[in-house]
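Heads up: the structure comes next, in structure tokens.
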Amino acid sequence: MISLPVVLAVAAALFGIGLYGALGQTNTIMVIMGVELMLGAAMLNVVGFLRYSHPDATSGAFFVLVVMTLMAVEAAVGFALVISAFRHSRTAEVDDLTELKG
Amino acid sequence: MSDLGTALVFWPSAAIMLVTALYVFITSSMARAGLLLLAALGIEGLIFVALASEFLGFLQLLMMSGEMVIMVFFMVMFMPDPGGLMGMDMTHDKRRSAAVAAAVTVALAAVAVLTDWPARVVGDDAPDVRAIGFEVMGRSMVTFLFAAMTILFAMVGGVLLAKAGGRYGIGAPLGEARGEAGD
């Protein structure tokens, strides 16, 4: 029997893996991948709450659509920033992108 | 789906999803990492199906397929060693990152397990695709339009950021040239 805490615990593990990638990778695209996994974990949370709290509600499913939109937008703007940074400094490594560093 | 069916789909899917997600950051081939991320998020769609959200599950698979294929193209274009053949290490602060991620995972899992959630079991009263369609085109229409506008703004902003001139306008010199000019 799958319960809500089980779903949330799996989502927590997925979030942790995404956080590890976002913090530990040097390439911008890999950082974006980490953020994608974190958003995926958030989506799993929403689906879990939707199924185990209000199974008959349609607004929860709609909220998942909004998070999916957010994932697509984050990737699109992230890729555009990578192109811009690569054109400017010929690298996509976050350690080398220090122009805005204080 | 019965309880047994849900468990039979959920547990293997969750295990494979977490392993593939972890391998995204372990494998040395970046193209392979993109495909592993596609696998992880696609299997997450299977978990949605197991949780009686078939529409969201198949939508997740559809959207992530497109997005991750584009991501693989970007990795091949912009990574110094996309095939992982040179053995480059593209990580930093590995131990601290792992420690922070492990601490966050344990904290979130503890909250998930120790909280007394007012949970119900998965029933057959899940909304069908028709009900979600009425939700999107009815009560949540404004939010749906807002999401659509957000995508439009992201597309326009992405093109503006990515175009050759960048924020300095079309035809502006590259960064190196600006640096030499002393700007």
- Using alpha carbon coordinates only, what is the Rg to Rh ratio of chain A, with Rh defined as the Kirkwood radius? 1.11
- Message: So if I place +1 on the C-beta of Lys and Arg and -1 on the C-beta of Asp and Glu, and nothing else carries charge, what would the dipole magnitude of the protein assembly as shown be about its Cα centre? I want it in debye, nearest 20.
- Response: 260
- Query: Over the Cα atoms of the protein assembly as shown, how large are the radius of gyration and the largest Cα-Cα distance (Dmax), in Å?
  - Reply: 20.5, 70
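Mind checking the full-extension length gain between residue B:54 and residue B:143? Use 0.36 nm per residue of separation minus the Cα-Cα distance, one decimal, nm. Mind dumping the intermediate values first?
Details: separation 89, 0.36 × 89 = 32.04 nm, distance 2.20 nm.
Once the chain is fully extended between residue B:54 and residue B:143, it gains 29.8 nm.
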- Query: For chain A, modelled as a Gaussian network with Cα springs under 10 Å, which listed residue fluctuates most, A:58, A:69, A:26?
  - Reply: A:58
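Based on other C-beta atoms within 10 Å, arrange A:50, B:35 from fewest to most.
Values: A:50 26, B:35 17.
Going from sparsest to densest Cβ surroundings: B:35, A:50.
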- Go ahead and collect, in residue order, the members of region A:53-68 whose backbone nitrogen is under 17 Å from a label point 7 Å along the Cα-Cβ direction of residue B:117. A:53-57, A:60-61, A:63-64
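What net charge is computed for the residues neighbouring residue A:72, neighbours being all others with C-beta under 14 Å from the C-beta of residue A:72, Lys and Arg scored +1, Asp and Glu -1?
Net charge around residue A:72: -3.
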- Message: What are the ³J(HN,Hα) couplings of region A:14-27, residue after residue, when phi is run through the Karplus curve with 6.51, -1.76, 1.60 and θ = phi - 60°? Round to Hz, x for glycine and proline.
- Response: 5, 4, x, 5, x, 5, 4, x, 5, 8, x, 8, 9, 8
- Message: Compute the angle between helix A:28-53 and the longest alpha-carbon principal axis of chain A, please, reported from 0 to 90 degrees and rounded to the nearest 10.
- Response: 10
- Per the charge dipole of the protein assembly as shown (beta-carbon charges, Lys/Arg positive, Asp/Glu negative, Cα centre), the residue among B:142, B:132, A:57 reaching farthest to the positive end is B:142
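How much net charge surrounds residue B:40 when only the other residues with a Cβ under 14 Å from the Cβ of residue B:40 are counted, with Lys and Arg +1 and Asp and Glu -1? Could you put the intermediate results ahead of the total?
On the way: positive: B:32; negative: A:36, B:44, B:67.
Net of charged neighbours comes to -2.
Coordinate-derived values only; no laboratory data. In this text, all values refer to a predicted model and were calculated from it rather than measured experimentally. For neighbour counting, all protein chains shown are included, and Cβ atoms are generated from backbone atoms with ideal geometry for every residue, glycine included.
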